[in-house]
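Participant: Have a look at the structure that comes next, please.
The values are calculated or read from the model by the stated rules, or taken from the named source; none is laboratory data. If you're wondering where the values come from, they're calculated on a predicted model, not measured in any experiment. Virtual Cβ from ideal backbone geometry, glycine too; neighbours counted across all protein chains shown. Ligands, DNA and RNA are excluded from the accessible area calculation, which covers all protein heavy atoms including side chains. Shrake-Rupley method; radii C 1.70, N 1.55, O 1.52, S 1.80 Å.
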Amino acid sequence: MTLRIAEGCNNCCAYCVIPQIRGSYRSRPVENIINEAEYLAARGCKEIILIAQDVTEYGRDIYGKLMLPELLRKLCGVEGIRWIRLMYCYEDKITDELIKVIAEEEKICNYIDIPLQHCADNVLSAMNRHSTNGSIRNTIKRLRKAIPDIHIRTTLITGFPGETEEDFEQLVDFIEEQKFERLGVFSYSREEGTAAGDMENQIDEEIKAARADSIMRRQLDISREINERKVGNTMEVLIDEIDEEGAYIGRTQYDAPEIDNTVIFRSDEKFEQGDMVNVTITDAFDYDLVGTRED
């Protein structure tokens, strides 16, 4: 179940109209969020997905400092919640304190969504992003060192105005080097009223689409490689649905609903949606795993 912790956005990325539509960043009070989490837990919710346009900005407007680590500690104390998942974290605000909380708290999934958008410094600057190639690499290094099994999801944009072939090749090399566990790509879409929409050097639609397709084809191999390493492991799976033939379809802590991998398994035991069971992985595909129920 998603739990929104803030509205609006202060980042003002060059391609985005959300700050104009939803206004500046407005955090919800900690007590309000905890009360909602307790309400959800009392009704059987086992997974909470924290969302905002930028969850790492949480708290600065009303508490004068970044408060996501403290909020997470309090949420981990809510009885009945088993998984807490972080979506939409901005790289420049992933502090050592936040990494420490993720590493220490068992309920927080070893999963983080960081919408990087690109890795070339000139493209990041044109996007009005606050990250650099160096800071991105440093943050990924810190995350993987502190949490060896962390699964990083990111999204990228190809064909941003002025993106050169060299910029794109740098992005491809970066993906092959970092081997993100989860990755999505969008070709740049020109939005009226944005700074990027008025930029010169707009890129041809076919080139944008071809670049996005090239990255996703490479990511397919990376995803299969990562999945194959999980064969033989026993993993806790949250059941999301039961298909018409009685197969159970669920997710591990490393997967967000609807956008990430699934685990498919059968069992003579009867389970219901929302149950959490141990499953031994027996086969791997590009974006899915197959397993058997462990008693």
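Participant: Computed FRET efficiency, Cβ-Cβ of LYS100 and ILE34, R0 22 Å: what is it to the nearest 0.05?
Facilitator: That gives a FRET efficiency of 0.60.
Participant: For each cysteine in the chain, check whether another cysteine's C-beta sits under 4.7 Å from its C-beta; list those where none does.
Facilitator: Here CYS9, CYS12, CYS45, CYS76, CYS89, CYS109, CYS119 come out as lacking a disulfide-compatible partner, given the Cβ-Cβ threshold of under 4.7 Å.
Participant: Then there's this: Given a 1.4 angstrom probe, I'd like the percentage of the accessible area of the chain that is carbon and sulfur, rounded to a whole number.
Facilitator: With neighbouring chains kept in place, the figure for the chain is 46 percent.
Participant: Relative contact order, percent, of the range 13-165 when contacts are C-alpha pairs under 8 Å separated by at least 6 residues? Let's see the in-between values first.
Facilitator: Working: 204 pairs, mean separation 33.0, N = 153.
RCO, the range 13-165: 22 percent.
Participant: While we're looking at this one, here's another question. Just ILE140, ILE249, ILE62 to compare: in a GNM of the chain, with alpha carbon springs under 10 Å, which one fluctuates most?
Facilitator: It is ILE62.
Participant: What's the center-to-center distance, using Cα atoms, between the range 235-295 and the range 8-40 in Å?
Facilitator: One Cα centre to the other: 32 Å.
Participant: Which percent, nearest 5, of DSSP beta bridges in the chain are antiparallel?
Facilitator: Numbers: 19 of 43 bridges.
Percent antiparallel among DSSP bridges in the chain is about 45.
Participant: Computed on alpha carbon atoms, what radius of gyration and Dmax characterise the chain, expressed in Å?
Facilitator: So, for the chain, Rg and Dmax equal 19.9, 61 Å respectively.
Participant: Then there is this: With unit charges on the beta carbons (Lys and Arg positive, Asp and Glu negative) and the dipole taken about the Cα centre of the chain, which residue among GLY134, CYS76, ILE175 sits farthest to the positive side?
Facilitator: CYS76
Participant: In Å², and per residue, what accessible area does the range 193-286 have when probed at 1.4 Å with the other protein chains present? Display every interim value, and only then the final one.
Facilitator: Numbers: 5170 Å² over 94 residues.
Using a 1.4 Å probe on heavy atoms only, each residue of the range 193-286 averages 55 Å².
Participant: Next question. Could you work out which residue, out of GLY64, GLY159, GLY184, moves most in a Gaussian network model of the chain, that is, has the largest mean-square fluctuation with Cα springs under 10 Å?
Facilitator: Of GLY64, GLY159, GLY184, the most mobile in the Gaussian network model is GLY64.
Participant: Among the lysines, which fall within straight-line cross-link reach of LYS141, defined as a Cα-Cα distance under 29 Å, with same-chain neighbours fewer than 8 residues apart omitted?
Facilitator: Within the straight-line cut-off, LYS141 pairs with LYS65, LYS74, LYS93, LYS100, LYS107, LYS179, LYS230.
Participant: Can you give the extra length, in nm with one decimal, that the chain gains between ARG26 and ILE242 once fully stretched, where that is 0.36 nm per residue apart less the Cα-Cα distance?
Facilitator: The ARG26-ILE242 span can extend by a further 73.9 nm.
Participant: Charges on Cβ only, +1 for Lys and Arg, -1 for Asp and Glu, centred on the Cα centroid of the chain; of ILE150, ILE94, LEU289, which one is farthest towards the dipole's positive end?
Facilitator: So the residue we want is ILE94.
Participant: I'd like to know which of ALA256, ASN278, LEU238 lies farthest towards the positive end of the charge dipole of the range 236-295, counting +1 on Cβ of Lys and Arg and -1 on Cβ of Asp and Glu.
Facilitator: My answer, from the dipole projection, is ASN278.
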